[in-house]
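Below is one structure, written out as structure tokens; comments come after it.
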Amino acid sequence: MEDVFDTTGRPPKGWMHAVFHGGPYGEDAGRCIPGPPAPETLAVPLAEGGVHTYRLWTVGSWSDPEDPVAVYNPDGPPVPPPLLTGQEKEWLRDRHQKEGLGPLKLVALAASGRPVRDPDAPTIEAMLAGLRHREHLLLQWLTDHDEGDWYLQVLLDEDDTYEVVHQAGAAAERGGVRLISQAAVRDAVLRWAADQPSCT
């Protein structure tokens, strides 16, 4: 991308794609990419392989409406894995019991969405350690339907802080905190997982 940046200091002409707010070009607020009317997404290569996707945030101009600038943010808000539905809970409970493992109480879901049944402390620690930026870890108790969803989700943000959000039951009592160290997050998550709410 660098080979198409205009570094001459001249006012830009025509469409420009300005890359802002995080991602591999998050510090290059003054760099722009000439191009056609802005696409909804803009993918840039990463040095370690793969791509980083930006999503169109707004279109404005430096000073002339005929010279629009498309401003991109990192690719939308991070999205946690969806909570298990009532049917999915039943399937997992049945499978767990058919394997002779007794009642299933807790499920962990990482970015892949693959459920890990009744994760122990080392498994939860490994899943936390494996989080990448903008990825979630979700822990969900398999409660009765009328008790609501008891869950905790952890997001590793791009500034290396963790956002921990939990919901307690049908009353939808929701709380959250931002933590800096992985050790503090690990302790908070393990304490939450050990304090089992009423469940089947």
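The values are calculated or read from the model by the stated rules, or taken from the named source; none is laboratory data. Note that the coordinates shown come from a computational prediction; the quantities given were computed from them, not determined experimentally. All Cβ positions, glycine included, derive from the backbone under ideal geometry; neighbour counts span all protein chains shown. These accessible areas exclude ligands, DNA and RNA; they are computed on the full protein's heavy atoms, side chains included. Shrake-Rupley method; radii C 1.70, N 1.55, O 1.52, S 1.80 Å.
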Within the stretch 96-110, the residues that are hydrophobic (A, V, I, L, M, F, W, C) and open to solvent by 60 Å² or more (accessible area, probe 1.4 Å) are Leu101
Can you tell me which of Asp187, Asp159, Asp146 is assigned to a loop (DSSP other than H, G, I, E, B), surrounded by fewer than 13 Cβ atoms within 10 Å (Cβ to Cβ) and either at pLDDT 90 or above or not aliphatic (A, V, I, L, M) (or both)? Asp159
Among the residues of the stretch 80-101, which ones are part of a helix (DSSP H, G or I) and charged (D, E, K, R)? Glu88, Lys89, Glu90, Arg93, Asp94, Arg95, Lys98
Hits in the stretch 162-184 - residues which are in a loop (DSSP other than H, G, I, E, B) and at pLDDT below 70: Gly169, Ala170, Ala171, Ala172
Please verify whether the stretch 120-131 includes one or more residues that are farther than 24 Å from Ala184 by Cβ, open to solvent by 30 Å² or more (accessible area, probe 1.4 Å), part of a helix (DSSP H, G or I) and not aromatic (Phe, Trp, Tyr). no
Sort out which residues of the stretch 102-119 are in contact with a helix residue (DSSP H, G or I) (Cβ under 9 Å, 6 or more places away or on another chain) and in a loop (DSSP other than H, G, I, E, B), and write them in order of number. Gly102, Pro103, Leu104, Ala110, Asp118, Pro119
Examine the stretch 83-103 for a residue that is modelled with pLDDT under 90 and within 15 Å of the chain's Cα centre (by Cα), and state whether such a residue exists. yes
